[in-house]
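Here is the structure we will look at, set down as structure tokens.
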Amino acid sequence: MEDLKYQIDLLTALNERLLASEKMYRHIAEMSGTLFVYFDYKCSPAKVDLVGPWDEMVGEKIANHPYDESYMLNLLVEDDQDKFRIHMLEVEREGLETDSVEVRSRNKRFWFSCFVRVTYDDDHNPVEKIISIKDITKIKMNSEELEYLAYYDSLTGVYNRNYFVRKFRDMCELADSEKVSVEIMFVDIDDFKKINDSIGLLFGDELVQEFGQYLKDFNNDDTIVGRFGSDVFVIAVYNPCGQRSCDVIYRKIQERLRHTFVLTNKTEIMISVSCGVAEYPDAGRTALEVIKNGEIVLYKAKERCKGGISYFELDILNSFLKSVSLEKQLKEAIETNGFQLYYQPQYNASDGKLRGAEALIRWPDPEGEGFITSPNEFIPIAEKNGAIIPIGNYVIKEALKTMSDWRSKYHIPMVLSINISAMQLEKENFVDSLSHMISLYGVNPESIEIEITESVFINNFEDVIDKIKTLRGLGLRVSLDDFGTGYSSLSYLKNLPIDTLKIDKSFIDTALKDDSSGIIYESVIQMSQKLGFETVAEGVETREQFNYLRDRNIDIIQGFLLGKPVSKVEFEKLLIRQTA
Ligand code: C2E
Ligand code: CA
Ligand code: CA
């Protein structure tokens, strides 16, 4: 009896231990995120057991069902059962864990990775089988998304920069071996910044998206499309010939752009694009060089005329490289105070008396005799990259210093004209800082004239007019330079608060050559005088021109005939002669 009780206690204890360890294994299986299906073939029909997070994978339906293999499959995969079954058989045969299998079930895509292990008896009958199934859908989705992000531009669906460059490089390599070429075309929406400002960033994005999706359709075996920047797209064509070329694509784009893009807020937008084309291997030794040069062609094209297509030329590249190197030198010159001011005299036409001078900047070559380049070349670069601000400050300061010197030394009443760029005038503190400097150097404001061109009125007409009025209120003179080269609308001219009008050199160059040009010059002088402006003729080179202008009652004459721009020291010689 004692013995029997002992046996029962022992069995109970063993059973408890077994139950505890089974519980532990089930926990471990559940935590592994893997579903284990256990088949016991010692029973007939085979006993099936499931361990792991089966409710997550197969749902509640399985709970009280007498499991068998096909029922389990039914639950796991509804649509792609055959595919899944074949896959499992393969896994079983190979005895390997597979990468993954993609199946459709319950209208969704699932990925499973599976592993099967079977044990056999001596007669090679299966005894037990364990299938482990892991749902890797989430991991797979994430990696697909990452893959997409790695290759595609998420806004438009065209290739992103990195992947485009890779594909373009591959194209160029293949082109080398097949002795053909690859074209690349940069496509850039004109005035995109302005469009963005007017419709807002969100709709700007939508426009880029629409346009990008349109371009995406050019993608095929020989053509790839990518996006490099906010509104910059690139298209590469392998072995261009006949109907397959960037030129043909450009024409198709032009066709499309005849119609508007309609945004979700119903705004209709008309755009134009500029395109720059470069070809491998003509436009560069490497794929990257061709890409770089294509971009240069684009920006040069934009400078020339918007809405067009330009092709790589060595001249374009050279002028670009020159401006890049000038830009670098310009920066150094600003840091080392490497500029100088020259002064060109201006005379009253009637009595030949000195009226004053125009201050003109010079950039001496620190290593040689002459100048690095003319202001006609470096001022536009400085205006583009912002260097005109420190350069302009130097000019103002130096000119005022000179004026202050001359005033104390020579006591000659004269006017000094200083050229001011649009960007300088647009600066908020321009008026304050100029008037501060004028008083700092003790200069009479009436002896200072600022020369501006019509371009200053383009961006902010009202603001500029206000500033000019304030400056004139302080006693300064304002002169409109290069008259006749810009818009020169007569109706706006009459409302400009200016003192002086400088008629551009190009007028006098032709005035004596043909009658109609002469008539135009004459009427410009008359108009200017009627509007009450002091009128200056620029670029007078010959005695004949001088006489012609004097006979037509021009007020002031400036030009090589009467004096070239000279250094401060040289100009002082002239002042000394005046005082003698
Ligand atoms: P601009 O303001 O129209 O200056 C007149 C230009 O014509 C000067 O060229 C002057 O040397 C040149 N010139 C004067 N008389 C004659 C002549 O009889 N024949 C010929 N062929 N040329 C004559 P420069 O000094 O080379 O300056 C060129 C342009 O660079 C200036 O044209 C002006 O737009 C700009 N610039 C020069 N200095 C400055 C400056 O300090 N600040 C700014 N913002 N621009 C400047
Ligand atoms: Ca000028
Ligand atoms: Ca001028």
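For this structure, a couple of remarks:
- Close contacts from the range 184-209, counting a first residue that is part of a strand (DSSP E or B) and a second that is open to solvent by 40 Å² or more (accessible area, probe 1.4 Å), with Cβ to Cβ under 6 Å and a gap of 6+ residues or different chains, come to PHE186/GLU295.
- Just one of the listed residues (TYR299, TYR347) is open to solvent by less than 60 Å² (accessible area, probe 1.4 Å), in contact with a strand residue (DSSP E or B) (Cβ under 8 Å, 6 or more places away or on another chain) and of a type in the set (Ser, Thr, Tyr), namely TYR347.
- Of the helices (runs of 4 or more DSSP H) lying entirely inside the range 515-580, those containing at least 2 residues that are closer than 15 Å to GLN344 by Cβ, away from ligand 2 (no atom under 16 Å from the Cβ) and touching a helix residue (DSSP H, G or I) at 6+ places or on another chain (Cβ under 7 Å) span 568-579.
- Test: residue in the range 452-466 that is within 25 Å of LEU360 (Cβ to Cβ), part of a strand (DSSP E or B) and within 13 Å of ligand 2 (Cβ to nearest atom): yes
- One residue stands out among those in the range 404-429 that are farther than 30 Å from GLN578 by Cα and crowded, with 20+ Cβ neighbours inside 10 Å: the one that is nearest to ligand 2 (Cβ to nearest atom), which is SER421.
- Pairs are defined by a Cβ separation below 6 Å, a sequence spacing of at least 6 or placement on different chains, a first member in the range 470-484 that is at positive phi, and a second member that is more than 10 Å from ligand 3 (Cβ to nearest atom) and among the aromatic types (Phe, Trp, Tyr); the pairs so defined are GLY484/PHE507.
- Within the range 352-391, restricting attention to residues that are within 16 Å of ligand 3 (Cβ to nearest atom) and part of a helix (DSSP H, G or I), the residue that is surrounded by the fewest Cβ atoms within 10 Å (Cβ to Cβ) is ASN376.
The values are calculated or read from the model by the stated rules, or taken from the named source; none is laboratory data. In this text the structure is predicted, and so the values were computed from the model without any measurement. All Cβ positions, even for glycine, are placed from backbone atoms using ideal geometry, and neighbour counts span all protein chains on display. Surface areas here come from the heavy atoms of the whole protein model, side chains and all, with no ligands, DNA or RNA. Shrake-Rupley method; radii C 1.70, N 1.55, O 1.52, S 1.80 Å.
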